[in-house]
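The values are calculated or read from the model by the stated rules, or taken from the named source; none is laboratory data. Because the structure is predicted, anything quoted here is derived from the model rather than measured. No Cβ is skipped: glycine too gets one built from the backbone with ideal geometry, and neighbour counts run over all protein chains shown.
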Amino acid sequence: MDLPHVSTGDMLRASIQSGREIGLRAAAVMESGALVGDEIIIGIVGERLSLPDAAAGVVFDGFPRTIHQAHALDTLLAAHGDEIGAVLHLDLDDEGIVERLSGRRVCSKCGAIYHIRYHAPAAYGVCDLCGGALLQRDDDQPAIIRKRLAVYQAETAPLIAYYHERPTYRLVSGEGEADEVFSRIVKAVGAAG
């Protein structure tokens, strides 16, 4: 679709690495498995949507996560005469989520993402692209993932009801290999657009 991938988690991690104040405030919250406050997230998203490459649209990853963020997104988009084109709800049971996230590894140099089961590097612990060390993020530890899932149930799950009645809402199974899930996503986006 040639749209920018906008991950609020990636943007927050970049803020943390840069040492900016917003990143330092978010770091402690993220490490505990809790969600970063709405105002910080909405501010970051608003800045991102104002960049020229976002003019034709973006693909959000991990946003919105609360009803307040969803209302704020609707307001941000309406101010630009735009609206959400598709809402994809990727569904996977909790144990599948724990397996996927705890197996994720990220290159310390180039940021490439691997998985110990689904997309393993040629050499264990070494990035195929640049030779950097592959690391497990602190928030990808099983105990933190389970805490994040509890937060999701309490704070994010209400978004399903918020978006469910919209004609752009699509439920997509997250079961199976990446190419199977991707195929279902492409089909769902085509049906929404």
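Here GLU99 meets each of (1) assigned to a loop (DSSP other than H, G, I, E, B); (2) out of contact with any strand residue (DSSP E or B) (no Cβ under 8 Å at 6 or more places or on another chain) with one exception, condition (1). Give the stretch 68-87 a look and list any residue that's part of a helix (DSSP H, G or I) and modelled with pLDDT of 90 or more, or say none. HIS68, GLN69, ALA70, HIS71, ALA72, LEU73, ASP74, THR75, LEU76, LEU77, ALA78 - these are the residues of the stretch 68-87 that are part of a helix (DSSP H, G or I) and modelled with pLDDT of 90 or more. Entry remark, the stretch 144-193: residues being of a type outside the set (Val, Ile, Thr), in contact (Cβ under 8 Å) with a residue 40 or more places away in the chain and closer than 13 Å to ALA86 by Cβ number 8 in total. Among the residues of the stretch 100-111 satisfying the criterion of being under 18 Å from the mean Cα position of the chain (by Cα) and not hydrophobic (A, V, I, L, M, F, W, C), which is modelled with the lowest pLDDT? If we take residues in the stretch 100-111 being under 18 Å from the mean Cα position of the chain (by Cα) and not hydrophobic (A, V, I, L, M, F, W, C), then GLY111 is modelled with the lowest pLDDT. Apart from one condition, PRO121 fits all of (1) within 26 Å of LEU3 (Cα to Cα); (2) surrounded by 15 or more Cβ atoms within 10 Å (Cβ to Cβ); (3) over 16 Å from the mean Cα position of the chain (by Cα); the exception is (1). In the stretch 110-130, what count of residues is obtained for those that are more than 21 Å from ARG13 (Cβ to Cβ) and of a type in the set (A, V, I, L, M)? So the answer is 4. Exactly one residue out of TYR152, TYR163, TYR169, TYR114 is at pLDDT below 90 and of a type in the set (Phe, Trp, Tyr), and it is TYR152. Residue-level check: of (1) surrounded by 17 or more Cβ atoms within 10 Å (Cβ to Cβ); (2) under 25 Å from LEU171 (Cβ atoms), ILE113 misses just (1). Scanning the stretch 1-37 for residues that are charged (D, E, K, R), farther than 29 Å from ILE185 by Cβ and in a loop (DSSP other than H, G, I, E, B) yields one hit, ARG20.
Taking first residues from the stretch 19-46 that are touching a residue at least 40 places away in the same chain (Cβ under 8 Å) and partners that are assigned to a helix (DSSP H, G or I) and of a type in the set (Lys, Arg), the Cβ contacts under 6 Å between residues at least 6 apart in sequence or on separate chains come to GLY33/LYS147; GLY33/ARG148.
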